[in-house]
Amino acid sequence: MFMPIKKINNLLLIILMIVSTNLFAQKKGLFSKKNVLNQYASVGIGGGSSHYYGDLAPYSYFYYGLYTNVRWNGTINYTRTLTSNVSARVSYTYARIYGDDNTYASKNLEKLSANYIRNMHFRNDLQEFVVSGIYNFLPQFGKGAKSRNKIMPYAAVGIGLYGHNPKARGPLTFDNTTGLPIKAKWEALRQYNTSGQGIPGSTVKSYSLVQPVMPIALGIKIKLNEKFDFSAEAGLRLTPFDYLDDVGNTSYPSKSLMVSNYGQDAANLSYRAGEDYSATTGDLRIQNFIQAASQQGFSTAGIAPSTNAEQIYPYSSKRGSKRIDSYVLTQFTISYVLSNSIKCPVIK
């Protein structure tokens with residue numbers, strides 16, 4: 001499992017202390033002659049993989065998330081080297097994350113049987129704006145970018161915001177003429193209040209589509225030539241938010257109240273256990289459903305999601321857990337050095 005939030009906060013504090021001490025140390029501060037000569041800027045572009053963790057990808061089985069339901073991201077950034085060890089970076093990243101009980105829980109039906117029966121899925125396109133401090137583990141001195149190290153391991157910590165909008169497909173339907181499956185289009189879930197937001201008697205509040213994020217990353221930068229660098233980085237995105245997947249620590253809202261307040265489509269998107277076919281893959285769920293039901297202690301003779309799901313996974317069940325959601329990004333970036341040094345006077 002990932003480290004508890006308290007331990008992560010302590011680690012962040014230590015990293016920030018190291019960075020600030022290096023940045024403003026006596027006689028070697030940001031505006032010392034040596035550091036001014038070493039300052040330079042670069043721009044980068046890259047991309048990599050996106051890995052979601054949360055209610056549909058439990059932290060206790062985080063290794064499944066390394067290769068299951070993996071999606072992509074693209075990024076651009078601007079980096080300013082400030083001292084021999086410290087840089088500042090501004091970045092924009094567009095990342096898609098994805099989760100699906102049907103594909104994830106089928107990896108381990110014995111342990112994740114309830115998740116498979118639940119049958120939730122989502123995708124979410126994130127637009128992330130982050131300002132980060134970078135600590136280079138190996139100091140570099142000389143004349144600006146020309147003297148940068150051939151290999152530089154580093155750590156980064158930042159703060160930022162991201163915009164998001166979780167979506168899901170409605171239930172699978174079939175063409176009356178051909179009998180072929182028809183996948184429903186992706187629907188933005190917030191408008192359907194799938195956790196029962198706003199229905200009579202509900203205390204669940206609607207969530208914001210803009211959220212804070214704190215990235216923690218490790219990476220290595222390789223100098224290709226005088227003008228280009230290549231970097232490989234992996235970072236955990238911490239966010240105090242539980243609805244990246246539109247699934248929170250709530251019980252299912254009443255089906256009749258969902259229909260009367262928001263319509264049948266909202267009810268369908270709220271409770272997915274009764275679907276015989278996966279809305280995302282089109283696969284028949286009955287065989288795995290029977291196996292999952294047996295793990296829950298139910299007789300499996302002739303059962304199917306459409307006829308038995310509410311008995312096995314009733315509306316009184318929790319849609320998710322109270323654990324916050326997060327995501328991990330891997331990024332491979334090519335950077336172009338804009339200048340060898342910054343021409344500015346030294347502050348005395």
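Odds and ends about this structure:
- Within the stretch 183-204, the set of residues being surrounded by 12 or more Cβ atoms within 10 Å (Cβ to Cβ) and in contact with a strand residue (DSSP E or B) (Cβ under 8 Å, 6 or more places away or on another chain) comprises K183, A184, W186, E187, A188, L189.
- Filter result for G302 (of a type in the set (G, A, S) and farther than 30 Å from T239 by Cα): yes
- Subset of the stretch 100-109 [outside any helix (DSSP H, G or I) and within 18 Å of the chain's Cα centre (by Cα)]: D100
- Applying a threshold of 6 Å to beta carbon distances and a minimum spacing of six or more residues, or different chains, the list of pairs starting in the stretch 113-136 at a residue that is touching a residue at least 12 places away in the same chain (Cβ under 8 Å) and over 30 Å from S87 (Cβ atoms) and ending at one that is surrounded by 22 or more Cβ atoms within 10 Å (Cβ to Cβ) and among the acidic types (D, E) reads N115/D101; Y116/D101; R118/D101; N119/D101; M120/D101; H121/D100; F122/D245; F122/D246.
- Residue, nearest to N165 (Cα to Cα), within the stretch 114-127, restricted to residues that are crowded, with 22+ Cβ neighbours inside 10 Å and either in contact with a strand residue (DSSP E or B) (Cβ under 8 Å, 6 or more places away or on another chain) or polar (S, T, N, Q) (or both): N124
- In the stretch 110-224, counting only strands (runs of 3 or more DSSP E) that sit wholly within it, the ones holding 2 or more residues that are more than 30 Å from R285 (Cβ to Cβ) and of a type in the set (D, E, K, R) span 210-223.
- Extreme residue, farthest from I45 (Cα to Cα), among residues of the stretch 60-83 that are of a type in the set (V, I, T) and at pLDDT below 95: T83
- Of all residues in the stretch 209-248 being closer than 30 Å to S270 by Cβ and out of contact with any strand residue (DSSP E or B) (no Cβ under 8 Å at 6 or more places or on another chain), the one that is surrounded by the fewest Cβ atoms within 10 Å (Cβ to Cβ): G248
- Looking across the stretch 119-128, the residues that are at negative phi and either within 14 Å of the chain's Cα centre (by Cα) or of a type in the set (S, T, N, Q) (or both) come down to F122, R123, N124, D125, L126, Q127, E128.
- Residues of the stretch 58-83 classified as over 13 Å from the mean Cα position of the chain (by Cα), outside any loop (DSSP other than H, G, I, E, B) and either crowded, with 21+ Cβ neighbours inside 10 Å or not aromatic (F, W, Y) (or both), total: 8
- Residues satisfying the stated conditions in the stretch 285-299, i.e. exposed (fewer than 15 other Cβ atoms within 10 Å of the Cβ) and either over 13 Å from Y116 (Cα atoms) or in contact with a His (Cβ under 7 Å, 6 or more places away or on another chain) (or both): G297, S299
- Given (1) in contact with a Gly (Cβ under 9 Å, 6 or more places away or on another chain); (2) closer than 26 Å to V90 by Cα; (3) free of Cβ contacts under 8 Å to residues at least 40 places away in the same chain, number of the condition S206 does not satisfy: (2)
The values are calculated or read from the model by the stated rules, or taken from the named source; none is laboratory data. Fair warning: this is a prediction, and the values are worked out from it, not measured in the lab. Heads up, the Cβs are rebuilt from the backbone with ideal geometry, glycines too, and the neighbour counts pull from every protein chain shown.
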